[in-house]
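S.K.: One structure follows; several queries about it will come next.
The values are calculated or read from the model by the stated rules, or taken from the named source; none is laboratory data. As the structure is a prediction and not an experimental result, all values here were calculated from the model. As a convention, Cβ positions derive from the backbone with ideal geometry for all residues, glycine included, and neighbour counts pool all protein chains shown. SASA here: full protein model, heavy atoms, side chains in, ligands and nucleic acids out. Shrake-Rupley method; radii C 1.70, N 1.55, O 1.52, S 1.80 Å.
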Amino acid sequence: MANTNYRYQLPRKALKGDCPHCGHRHRKTLSRYQDNRTGELLPDSYGRCDRESNCGYHLSPYHKGPSGMSYADETKQREGGEALPREWFMIAGKLAHKGVVWADVVTILCRQEGATVDQAERVAAYIFDRRPTLAVQPQQKTTGYGVETQVYTIPDEVFEKSLSHYDRNQFALLLQNHFGAYLAEELLSRFRIGTSSYWPGACVFWYIDEQGRKRGGQIKLFDETFHTAKYIDHNGEKRTMTSWVHTAFARRCDETSQPYPAWLTDYLDEHNDVQKSPCLFGLPQLLAAPAGQPVAVVEAPKTAVLCTPYFQGFVWVAVGALSYLNADRLAPLKGRNVTLFPDLSKDGTAFARWSRVAETLSLQGFNVTVSEFLELRATDEQKAVGLDLADYLLDQWDQYPHQ
């Protein structure tokens, strides 16, 4: 009988994988280790080969590596860590009660409370896993096949009206100056980029899901260097000029004393499960992309757009935020070869974060790798300011052929 005192064990009914030493000569000879707490398999290098006399490969999660720590030690360090402020749990609980989803709770704790991504995820894991009754259930609709979650979207006519006025769209003008008019027009069309009057010169990055539904529209104003413009608010604090289509629409209705249309009322209702960017940015590209064309995932929509002409072998998409990388958002990419390009960070936390997520995604059937392109090439100064791939390419413009 298995010793249940150990968190990581080889299950009684072996779960097979390919042995790293045997390779393709002998398939499915590796008995994989499993996490008894979560039921998930460990990364595919952890296991024991059945061919003991001919191979003898065995990597235990309790084996200490060159760093002096084992997989179990590293996991315990990540999950145990220091005691977290009780206030964070109270804030997260209140947000969950209002219907705020996991990813947004993590973002709020990071931005407003100064938590790291790992700390915020520990808090969110406790709230959503231990107290599921706090989360307000989204409205549902019944179909002939059962019950499915209601999806709240922005009408096509709102989307279509934004696809114009590129002569006063700062992002469109920057693309034209950098790549030329022809390629700029192709990029605007490929990524369905719109124009907003919320701020003079602002653009709209539309989040369109695999069914063509407009799930959200992010409004951004860029300065002349392709960075998000900033302003000083009435409290003297610096703010980025970023908003959302539904926010802009509501403001216009308020200013003109017009009632909210039905779609906006539903979209703003806190009892409805509405996420501003619940899907990948750039998904419509997959409709025309060959099945064998690899996909590159970055954090920001701007990065996906700017990287497309540089690395045309990839279909470039954006996940929206560092903490948004998960199986739900990447579901439309299952079956494709996916490469993740995390942003730079001073201490490498962004790369480490996405590398851990990549391991989990691999266990869930995704073909995913993490690129070291930036980590190997960037200077300490570039890492310190957290450049993304687009920023790096713009800095190195003279070293790359342009269209």
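S.K.: Across every pair of different alpha-carbon atoms, what Kirkwood hydrodynamic radius in Å does region 243-287 reach?
M.R.: Taking the inverse mean of 1/r over all distinct Cα pairs, region 243-287 comes out at 12.3 Å.
S.K.: Could you state the number of Å between the C-alpha centres of region 181-241 and region 290-309?
M.R.: Between the Cα centres of region 290-309 and region 181-241 lies a distance of 17 Å.
S.K.: For the full complex of protein chains and a 1.4 angstrom probe, list 62, 166, 392 by accessible area with the highest value first.
M.R.: On the way: 62 85, 166 65, 392 15 Å².
Greatest to least solvent exposure: 62, 166, 392.
S.K.: Here is a further query. Under 10 Å, Cα contacts only: if you run a Gaussian network model on the chain, which one of 340, 376, 187 comes out with the highest mean-square fluctuation?
M.R.: 376
S.K.: Sticking with this one: So what is the orientation-averaged projected area of region 159-249, using the convex hull of its C-alpha atoms, in nm²?
M.R.: On the way: hull surface 25.6 nm².
With every direction weighted equally, the projected area is 6.4 nm².
S.K.: Which angle from 0 to 90°, rounded to the nearest 10, does the C-alpha axis of helix 102-113 make with the longest principal axis of the chain?
M.R.: 80 degrees
S.K.: Could you look at region 246-341 and say what percent of its accessible area is carbon and sulfur, using a 1.4 Å probe and all protein chains? Can you show the working numbers first?
M.R.: Working: 2010 of 3920 Å².
Looking at region 246-341 in its full context, I get 51 percent from C and S.
S.K.: Another question, if that's okay. Express as a percent, rounded to the nearest 5, the fraction of DSSP beta bridges in the chain (both residues included) that run antiparallel.
M.R.: 75 percent
S.K.: Still on this structure, please answer the following. At 0.890 mPa s and 25 °C, plugging the Kirkwood radius over alpha-carbon pairs of the chain into Stokes-Einstein gives what diffusion coefficient in µm²/s?
M.R.: Answer from the Stokes-Einstein relation: 103 µm²/s.
S.K.: Now for a different question. Report relative contact order for the chain in percent, whole number only (criteria: Cα-Cα under 8 Å, sequence separation at least 6). Please report the intermediate quantities before stating the final value.
M.R.: Working: 637 pairs, mean separation 39.5, N = 403.
Once normalised by length, the contact order is 10 percent.
S.K.: Follow-up question, since we're still on this one. So if each residue of separation counts as 0.36 nm, and I subtract the Cα-Cα distance between residue 210 and residue 167, what length gain in nm does that give? Each step should come with its number before you reach the end.
M.R.: Values: separation 43, 0.36 × 43 = 15.48 nm, distance 2.95 nm.
Extra length available between residue 210 and residue 167 comes to 12.5 nm.
S.K.: What's the angle, to the nearest 10 degrees (0 to 90), between helix 170-179's Cα axis and the longest principal axis of the chain?
M.R.: 70 degrees
S.K.: If you don't mind, another one. Test of understanding: what is the full-extension gain from residue 73 to residue 331, defined as 0.36 nm times their sequence separation minus their Cα-Cα distance?
M.R.: On the way: separation 258, 0.36 × 258 = 92.88 nm, distance 3.09 nm.
Contour length minus Cα-Cα distance gives 89.8 nm.
S.K.: Semi-axes of region 204-312's equivalent ellipsoid from the Cα gyration tensor, sqrt of 5 times each eigenvalue, largest first, rounded to whole Å?
M.R.: Details: eigenvalues 168, 96, 22 Å².
In descending order the semi-axes read 29, 22, 10 Å.
S.K.: Express in Å², to the nearest 10, the accessible area of residue 64 obtained by rolling a 1.4 Å probe over the protein heavy atoms while all chains stay in place.
M.R.: Roughly 110 Å² of residue 64 is accessible to a 1.4 Å probe.
S.K.: Assign unit charges at the C-beta atoms only (+1 for Lys and Arg, -1 for Asp and Glu), then state the dipole size of the chain relative to its Cα centre in Debye, rounded to the nearest 20. Provide the component values of the computation, followed by the final result.
M.R.: On the way: 45 positive and 48 negative charges, 282 e Å.
With only Lys, Arg, Asp and Glu charged at Cβ, the dipole is about 1360 debye.
S.K.: Counting only heavy atoms of protein chains, what accessible area per residue, in Å², does the chain have with a probe of 1.4 Å?
M.R.: Working: 21940 Å² over 403 residues.
On a per-residue basis, the chain sits at 54 Å².
S.K.: Let me ask something else about it. Per-residue accessible area for residue 237 at 1.4 Å probe radius, Å² rounded to 10?
M.R.: Rounded to the nearest 10, the figure is 90 Å².
S.K.: How much of residue 88 can a 1.4 Å solvent probe reach, expressed as accessible area in Å² and rounded to 10?
M.R.: Looks like 30 Å² after rounding.
S.K.: When the chain is modelled as a GNM with alpha-carbon springs shorter than 10 Å, which of 383, 302, 238 fluctuates the most?
M.R.: 238
S.K.: Let me ask something else. Between region 364-397 and region 318-354, what is the C-alpha centre distance in whole Å?
M.R.: 12 Å
S.K.: Continuing with this model, one more query. Per the Cauchy relation, a quarter of the hull surface: what is the mean projected area of the convex hull of the alpha carbons in region 332-403, in nm²? Each step should come with its number before you reach the end.
M.R.: Working: hull surface 23.4 nm².
Averaging across all directions leaves 5.8 nm² for the Cα convex hull.
S.K.: Here's a follow-up. Mind counting lysine pairs for me in region 201-349? Cα separation below 29 Å, and the two need to be 8 or more apart along the chain or on different chains.
M.R.: Close lysine pairs under the 29 Å cut-off: 21.
S.K.: Next up: How far, in degrees from 0 to 90, does helix 349-363 lean away from the longest principal axis of the Cα atoms of the chain, to the nearest 10?
M.R.: Result, in degrees: 60.
S.K.: Return the percentage of antiparallel bridges among DSSP beta bridges fully within region 230-365, rounded to the nearest 5 %.
M.R.: On the way: 4 of 11 bridges.
Of the beta bridges lying entirely in region 230-365, close to 35 percent run antiparallel.
S.K.: With N set to the number of residues, divide the alpha-carbon radius of gyration of region 278-403 by 2.2 N^0.38 Å and report two decimals.
M.R.: Details: Rg = 14.0 Å, N = 126, 2.2 N^0.38 = 13.8 Å.
After normalising by residue count via 2.2 N^0.38 Å, the value is 1.01.
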